[in-house]
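The values are calculated or read from the model by the stated rules, or taken from the named source; none is laboratory data. The model shown is predicted, which means the values in this text are computed figures rather than measured ones. Positions of Cβ are backbone-derived with ideal geometry, glycine not excepted, and every protein chain shown enters the neighbour counts. The area values use the complete protein model at the heavy-atom level, side chains included, leaving out ligands, DNA and RNA. Shrake-Rupley method; radii C 1.70, N 1.55, O 1.52, S 1.80 Å.
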Amino acid sequence: MRYEAVIGLETHVELATNSKIFCSCGGHSTKGEPNTRVCPACAGMPGMLPVTNRHVVELAMRAGILLHCDISRYTTFDKKSYYYPDLPCAYQITQWFHPICRNGSVEVVTKDGTRTIGIKQIHMEEDAGKLVHDDWTETTLVDFNRTSVPLIEIVSKPDFRTADEVMAYLEKLKTMFRFANISECEEGAMRCDVNISIRPEGTEELGVRTEIKNMSSLSSIRRAIQYETARHLDAVERNTETLVQETRRWDDVKNRTFSMRNKETAADYRYFPDPNLMPILISEDWVQRVKDTMPASVEEKTAEYQEKGLSEKEIASLTSERSLCDLFDAVTALGREPKDTASWILTECGGILRKHSQVMGELQITSENLSRIMEKVSGNEINRAAGRKVLEAVLYEDADPDAYCEAHNLSAQGDADAVRQVVLKVLENTPNAVKDYLGGKKKAFQALFGGCMKELRGNGDPQVIRALLEEELSKLS
Amino acid sequence: MEITRETARYVAKLAKLEIADEDMESVCQGLGSILSYMDDINATVGADAGSVTGGDCPTRPDTVTPSMNRLMLLDNAPEHSDETLIVPRVVE
Amino acid sequence: MGQYVTEINVGGAIAVDDTIQVKGYETKAGSRILEGFKPLFSAEAVERLEKAGYAIAGKTAVGEFGLDLLGEFAHSGAYCNASGELRGAAAELVAAGGVKGALSVDLNGAPRRAAALSGVTFLKPTYGTVSRYGVIPCACSGEQIGVTARSVADMRELLRVIAGHDDKDGTSLPETAYEYNGGKAVSEMRVGVVKELTGAASAETQARIQERVETLRGLGVTVEEVSVPLADAARTAWNLALCAETCNNVSRYDGVKFGYRSPDYRNIDELYVNSRTEGLNFLTKAVILYGSDVLSKGRYFTCYDKALKIRRLASEQVKALFKNYDALLCPACGKTEYRPYDIKDAFGAVFAESLFTAIPNLTGVPAIVCGGVQFMGDALRDTDLLNLAEALEGGDA
């Protein structure tokens, strides 16, 4: 008999907000010394009341719109009770009864084709804190910086059949969410719970389901799915064990899953609506405003850039990061030519970042500065090599393009007269080489050329130097 | 309504409480009586009655205000280091 | 500063119940579990009073989390007067002239009972008019800070200071300030006497209601008997919601972040269980267990959700009455004298007494206690209740 895997995903995504979901502490999971982004509210002290961050609601709506969900007109926050030291109130505020988005879908493309994955719901909730276990003292250290950082949880239908589909789905969510400024999706900001069961192909009934909790790296998720599917197959086909519905944990080192039976004997979360947070009523108007102010999608940007004459490769690179598109749009808005702009961002900036072991996503330059450098080069004020030099100084020394050119005499080096002065100086200072060249040793030209380049600190335009050298040498012969 | 000791022990476990044997009787009784009142009410209130109340939730803008001094958190804690609260090791 | 204020005479100063945070004062809410807890901020109502120039006289004792009848089950011991009667610490202090007024949290009627027994005035304002920021929370959907005072004039003065919108409380109503002036003239009012509630009280209490009816009639008020058939259901619903919400809110006291931690534990679970078991009294534990039960698997829709439905139905029922009546008269408590009793009987005792007080907590309408009786009013018509109380004040004098 052939079996197929039935896989569903619960994906937690940290939202790109300035502040936490119910208080005004800086909301970012990975920043700050332990317990420095904490107030009485997110430390669970009594007396503070939650007030919802409006941007969280709007980012959740954005996600729902991108995943073709119905946006609820009436949505509530509910309390989920359980004890764990990372949960300061012993309850988590989440959405249980009326989640903000329902019934969506997303298409995933793998080498086997395109499939549509159903989205059951998206809901908002607060994150828990961070625990660090100290084996030496047998203690656990508690850090509340991450408590109340806003999350959305995207609950898929059990529509995945392979790990490849799951990978494609997660990659797609990542791109989509980064691009729409919903989440920065960096390491740890996207975490998955994976539900798996198997059944004979062609049948409808679901087998025993296990859930693997809290994985954040794509490679762990892939290996966990492969391991767990194989375990289920062995159990069903070769009776290696009896499957039970349970929660399991993926061990990245041992490369297998383990039962977490000890932790959750009775998952009875006693949900009820939070009396401190009245229902949120979402009007048609509000949804429309969110749609209208939503950053253009990858597809829309691609079409726009095609029209501007960019190559497929350039488009793919630019649309890999929202920030690159924003920079490109801003620089072209300042009047720079699109093709040239793409080349400066991808080739020149990209090259310099690589040299400094950074990636494109880390590029930080103002559109004004990049535009100014491009202008200097296209206006022949400086040559392209000098332009690169200015760019690097702007990127890594926080230099101002004009001031840098002036301080390093760069503008002058575009000027033939100044280069001619250098050439004449080199000819005067190296009479031996001149004599050799004039005596027929053509190799001596390289030495003279090198001398000029050295004098110009590598900033001269080789063609101009070559031409002037030849011109001046011919005058001497 | 009958409330068994088993039920009482189950909810006590959820609430991280221990109920002494001599208190069990009155806990079960109290719980039973409130639930029997509930039964009376179920007779009065139809299943179709809506529980939904109106009201639009006020929201706040996404701005950051300074967090509190960490010392104020640690000062109140029964056990702590210079940076964190401390509890017995949690087994995953 | 763990000492409670009991008999100091500071004239214009205000006392604050131990369930309301005042920065710099240890706030225990009458419980061992909060021993040593130093709040990092003051409640909004306290802050407003201080800004307006009122001195805070100190904290007044409450029973653990304010869940009992009259402060009889505080960790530090019951607060009784010399004759062994329970009348509530804040109300007695106000009655004795020790302070101008007191702030209390009306969670399940305790400050109303106390005012009735001590012969002072207490207003539980309309839900959402006074910020709950800084209240040690139990049942957020209906608990409300109220004011105890000797005269209605003092009451109006203090309410004006503390009421009004607060961004920090998401259930706070939008109005930025309330004047508590004007309103309806008492002589034009119609008052309904709630027969289900009056009939459930002691003969002595019923006689007192009858006295007030006569006084009101003398003032030109039309008084008639009315019925609130859902009064009993409202009491059950409120106690159920209270148990559920309190269970959830006090779950944060776990020995990890602040307050009491049991010295006796080997692992995290024992730390939780022992700290809570040793730190909370029997009444709180009972409330937690009942709350945990009504929210647990399978019970949410038969219990908690039902309570929410009764909240809506009861609101409609009193709303309909307020179309014809400006206020509803009923007892604030069933008897005229209370004495300490066994804590095992506490939940039943509070449940029984909350018959008289539950409707305002459940539905959010205002209630005033004056001259030993209670008037409920329509939402946001607190001023009319104050007018009535003032008229009775005059009538009594």
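For the range A:337-444, report the % of Cα-Cα distances exceeding 24 Å. So the portion of pairs separated by more than 24 Å is 40 percent. Note on the range A:120-175: Cα Rg divided by 2.2 N^0.38 Å, N the number of residues, gives 1.65. Rounded, prolate or oblate: pick one for the range A:390-477, where a ≥ b ≥ c are the square roots of the eigenvalues of its C-alpha gyration tensor, a/c under 1.5 means rounded, and failing that, prolate if a/b is larger than b/c, else oblate. Since a/c reaches 1.5 and a/b is larger than b/c, the shape of the range A:390-477 is classed as prolate. Solvent exposure of the protein assembly as shown, expressed per residue, is 40 Å² of accessible area, with all protein chains present and a 1.4 angstrom probe.
The amide H of C:Leu380, built 1.01 Å from its N in the peptide plane, has C:Thr126 as neighbours under 5 Å, considering only residues 5 or more places off or on other chains. Counting Lys and Arg as +1 and Asp and Glu as -1 over every other residue whose Cβ lies under 13 Å from the Cβ of C:Arg32, the net charge comes to -1. Sorting the segments A:98-105, B:57-64, C:283-290 by their residues' average number of neighbouring beta-carbon atoms within 10 angstrom, most packed first, yields C:283-290, A:98-105, B:57-64. Dipole magnitude for the protein assembly as shown: computed about the Cα centre from +1 point charges on Lys and Arg Cβ and -1 point charges on Asp and Glu Cβ, it is near 1280 debye.
If you plug the beta carbon distance of A:Arg256 and A:Glu205 into 1/(1 + (r/R0)^6) with R0 = 30 Å, you get a FRET efficiency near 0.65.
Between the alpha-carbon centres of the range A:58-81 and the range C:117-162 there is a gap of 37 Å. With Cα atoms as the point set, the range A:236-315 shows a radius of gyration and Dmax of 25.2, 61 Å. Between A:Glu187 and B:Ala20, the modelled label-to-label distance comes to 5.4 nm, taking each label 7 Å out from Cα in the direction of the beta carbon. Chain C contacts chain A over a buried accessible area of about 2800 Å², both sides summed; the probe is 1.4 Å and only protein chains count.
Here the simple spin-label model places points 7 Å from the Cα toward Cβ, and for B:Gln29 and C:Lys297 these points are separated by 3.0 nm. When Rg and the Kirkwood radius Rh are both evaluated on Cα atoms of the range C:234-307, their ratio Rg/Rh stands at 1.06.
Dividing the mean sequence gap of close Cα pairs (under 8 Å, 6+ apart) by how many residues the range C:234-307 holds gives a relative contact order of 45 percent.
Among the residues of A:76-89, the average count of other protein chain beta-carbon atoms within 10 Å of the residue beta-carbon is 5. For the range B:5-45, taking Cα atoms only, Rg and Dmax work out to 12.3, 36 Å respectively. For chain C, the spread of Cα coordinates along the three principal axes comes to 70, 50, 45 Å, biggest extent given first. With both labels modelled 7 Å from their Cα along Cα-to-Cβ, the A:Phe445 to B:Thr4 distance reads 10.2 nm. Between chain B and chain A, the total buried accessible area stands at approximately 3600 Å², from heavy atoms with a 1.4 Å probe.
Peptide C:263-272 shows a mean partner chain C-beta count of 4 within 10 Å per residue C-beta.
Rg/Rh for the protein assembly as shown stands at 1.11; both radii use Cα atoms, and Rh follows the Kirkwood definition. In terms of packing, defined here as the mean over residues of other Cβ atoms within 10 angstrom, the peptides C:104-111, A:363-370, A:176-183 line up highest first as C:104-111, A:176-183, A:363-370.
Taking the average, over residues, of other Cβ atoms within 10 Å as the packing measure, peptides A:340-346, A:307-313 rank A:340-346, A:307-313 from highest down. Going by a ≥ b ≥ c, the root eigenvalues of the Cα gyration tensor, does the range C:303-342 fall in the rounded group (a/c under 1.5), the prolate group (a/b larger than b/c) or the oblate group? Oblate, because a/c is 1.5 or more while a/b does not exceed b/c.
Gyration tensor over the Cα atoms of the range C:1-155: the corresponding equivalent ellipsoid has semi-axes (square roots of 5 times the eigenvalues, largest first) of 19, 18, 16 Å.
Other protein chain C-beta atoms within 10 Å of residue C-beta, averaged over C:240-252: 5.
With K and R counted +1 and D and E -1, the other residues having a Cβ less than 13 Å from that of C:Ser131 yield a net charge of -4. With just the Cα atoms defining each centre, how far is the range C:64-89 from the range A:1-56? Give it in Å. So the separation of the two Cα centres works out to 41 Å.
Using a cut-off of 32 Å between Cα atoms, the listed pairs A:Lys79/A:Lys291; A:Lys31/C:Lys257; A:Lys301/C:Lys168; B:Lys16/C:Lys319; C:Lys124/C:Lys335; A:Lys130/C:Lys344 include A:Lys301/C:Lys168; B:Lys16/C:Lys319; A:Lys130/C:Lys344 as exceeding that distance. For the range C:234-307, the carbon plus sulfur part of the accessible surface works out to 51%, probe radius 1.4 Å.
Only sites in a loop by DSSP and with at most 15 other Cβ atoms within 10 Å count here; which GluC sites (Glu not before Pro) in the range A:85-159 make the cut? Sites meeting the loop and neighbour criteria: A:Glu138. Which one, C:Ala78, C:Gly128, C:Ala116, is farthest towards the positive end of the dipole of the range C:69-206 when Lys and Arg carry +1 and Asp and Glu -1 on their Cβ? Going by the Cα projections, it comes out as C:Ala116. The residues neighbouring C:Glu47, those whose beta-carbon lies less than 14 Å from its own, together hold a net charge of 0 under the Lys/Arg +1, Asp/Glu -1 convention. What separates the Cα centres of the range C:184-227 and the range A:416-477 is a distance of 114 Å.
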